[in-house]
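Structure first, commentary second.
Derivation of every value follows stated rules applied to the coordinates shown; laboratory data play no part. These numbers come from a predicted model, not from an experiment. Here the Cβ is made from the backbone with ideal geometry for all residues, glycine too, and neighbour counts use every protein chain on show.
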Amino acid sequence: MRKGRRTQVMGWRWRSNPLRRHSDVVEAWIVLAAWTAATAGGVAAGMAGAQAAEHVVNQDRAGRRPVTAVVLKTVPGSGRDVVTGVRYDRMLATVRWRDAKGAVRTGTADVKPTAKPGSHVQAWTDGRGRLVSQPVSSTEAATRVVLAGTGVGLATGLTVLGGGRLVRLRVQRRATERWGAEWERVDRQWGHRTG
């Protein structure tokens, strides 16, 4: 026996058809509304998320100041992974610097592995004079902004589509219940039970 090829007609729920139920039209509107809201809401939320991420990144970058520090001593083994033996391009060192008020401070900073005690290195401080990591580059900042916006946009769109799917399933369940009730009524009229 040959299996017939099933064809799907685009927009069949919108076309006039004697077999089309009211629930089919309601489902079509739900799908259209969900996709429209997911697209528009995802874009708007993505843009808002990207702007918020850009604001945070810019504030973080603006709050870091470079200072010249003197290496006091390097932390042995900090430039190499203990397990794999891989060398890093940075290592830890105890450094001394003067803060904005002129006070001498010491702390631990990332330095190049070639830094020796007594050499001058560039370190970064926050608004309180504490050592912090180097600010992200412009490329890394842009990447973070794009990823944040994309993530927020996708999450918003998928949430809206998931909500639309739940509403659509509820409509389908109610249509199936009505269909079952109609069959029960027809069975009683015919005087026998199907199934």
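In table form, for the structure just shown:
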quantity	calculated
Environment charge at Ser119 (Cβ cut-off 15 Å; Lys +1, Arg +1, Asp -1, Glu -1)	+4
Separation in nanometres of the label points that stand 7 Å from Cα toward Cβ, at Asp126 and Trp29	5.4 nm
Residues Gln51 and Ser133, FRET efficiency given R0 of 35 Å [Cβ-Cβ distance, rounded to 0.05]	0.90
Förster radius 30 Å - calculated FRET efficiency between Ala142 and Val43 (Cβ-Cβ, nearest 0.05)	0.95
Nitroxide proxy distance, nm - points 7 Å out along Cα→Cβ at Thr68 and Arg174	7.6 nm
